[in-house]
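The block underneath contains the structure these notes are about, expressed in structure tokens.
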Amino acid sequence: MKKVIKFLIPALVAAVTVYLVGVSGVREEDSATVPTEQDYYVGVQLVEVTATDKDGESWDSFNDSGPDLYVVFHWQGVKVFKSSAKEDSLIAHWSEAEFDLRDYALQGKPTSIDDVIAGARVRISETEPLTITLYEKDLLKDDLIASFDIDLTKLTEGTHTITDPAPSVKRVVLRVLPFSALPSLFGEKKE
Amino acid sequence: MPLLIRFLLGISAVLLGLGLSLPVMKVIPRLGPFHDYFSFFLKDLNSPQSFSLLEGIRTLTGEGHYFIAVIILIFSVIFPLWKLGVLWVGFSDLIQQKRPGRAFYLAEKLGKYSMVDVFVIALLVVSIKGLPGGSRVVLQSGLFFFALSVLTVMLASWLIEKTWSSQSPNSDESTNLSG
């Protein structure tokens with residue numbers, strides 16, 4: 001019995017080390033926060049809301065359909081992005097790029113990858129948070145669902161999930177990409 | 001000397017723990033000249049992925065590659081831990097002037113196989129470095145900790161052999177302990 005305990009001592013030491021590495025957060029390297037004073041695209045990928053609004057009532061007063069969700073970003077007090085509205089959704093999802101085909105086909109608007117990116121262009125700064133406001137689109141007046149600030153310096157490149165940021169909002173997933181991710185194939189200028 | 005050997009075995013266990021849990025490699029995906037274009041739409045292309053040995057084993061198991069997972073588990077987890085345990089017990093026996101068990105000699109003889117997984121990783125690095133599109137594999141701290149663990153055990157084994165040789169100069173088994 002004594003030998004078995006002695007035999008297990010190194011394994012125990014190794015196991016404790018593995019555990020300490022796990023709880024210490026040393027392994028967070030892959031999701032390092034974005035560097036400050038750098039320009040980034042921040043877009044919304046997904047928003048999930050609760051089944052009822054913050055007062056516990058159904059989203060639509062006329063029927064049982066879900067809310068028509070859209071998101072607005074403010075940065076330095078200026079509206080820098082407004083998403084399209086997703087109808088009857090408790091989980092709204094947006095693509096990386098959006099454009100109105102009619103604009104391009106009928107009005108002959110110039111095409112640029114930068115123009116169709118569904119996101120705001122912001123500079124990462126400690127003093128300038130991004131305000132995310134979530135609305136429900138309505139016929140008469142859009143209803144405010146929630147509004148909250150996020151510290152841009154806490155963002156991680158790629159996708160960044162914010163859980164329970166406000167009442168009735170379960171999660172918000174943002175896309176965070178550096179300007180350098182812009183396509184250069186079609187003559188786009190890179191920073 | 002006994003204190004130093006105990007210390008080396010203990011350090012080796014800590015290094016092994018670090019080597020198993022910290023990333024051994026980071027894969028940086030690239031798609032050659034098309035990387036910028038696709039990276040905007042395929043977010044994974046912008047996210048280097050790190051893998052530790054334990055994560056690798058778990059991933060392989062999850063994907064149904066049980067054979068490879070078991071091989072890596074044996075050579076990178078079970079065998080080093082078994083060897084450390086056997087050396088710890090065997091060295092205690094030697095200090096108490098007792099004859100160590102057969103496993104002690106076996107651990108010494110099989111010592112060189114500790115490096116097999118390092119060799120596998122090295123091969124993997126070389127093969128992935130040759131991929132088109134500029135994808136790269138960068139070695140991470142876990143590999144160095146793992147290799148250091150192996151080296152520390154080898155040093156401890158050598159010291160044990162030396163200590164034992166000096167204690168029992170006429171013993172036939174005192175030779176060839178380090179494999």
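Some points to look at:
- For A:GLU157, the residues whose modelled amide H falls within less than 5 Å of its own, excluding neighbours fewer than 5 places apart on the same chain, are A:VAL34.
- Legend: calculated FRET efficiency, B:ILE28 to A:LEU90, from the Cβ-Cβ distance at R0 = 41 Å, rounded to 0.05, equals 0.65.
- Cross-linked pairs A:LYS3/B:LYS98; A:LYS54/A:LYS154; A:LYS2/B:LYS162: Cα-Cα separations exceed 24 Å for A:LYS54/A:LYS154; A:LYS2/B:LYS162.
- Debye intensity ratio I(q)/I(0), log10, segment A:45-94, q values 0.24, 0.28, 0.32 Å⁻¹ (C-alpha model): -0.89, -1.02, -1.16
- Label-point separation in nm, A:LYS141 to B:LEU139, each point 7 Å along Cα→Cβ: 6.7 nm
- Where labels lie 7 Å past Cα in the beta-carbon direction, separation of A:GLU48 and A:THR153 in nm: 3.0 nm
- Using the Cβ-Cβ distance between B:ILE95 and B:LEU151 with R0 = 22 Å, the FRET efficiency computed as 1/(1 + (r/R0)^6) comes to roughly 0.40.
Since every read-out is calculated from the coordinates, none of them should be taken as a lab result. Bear in mind the structure is a predicted one, so any value in this text is a computation, not a measurement. For neighbour counting, all protein chains shown are included, and Cβ atoms are generated from backbone atoms with ideal geometry for every residue, glycine included.
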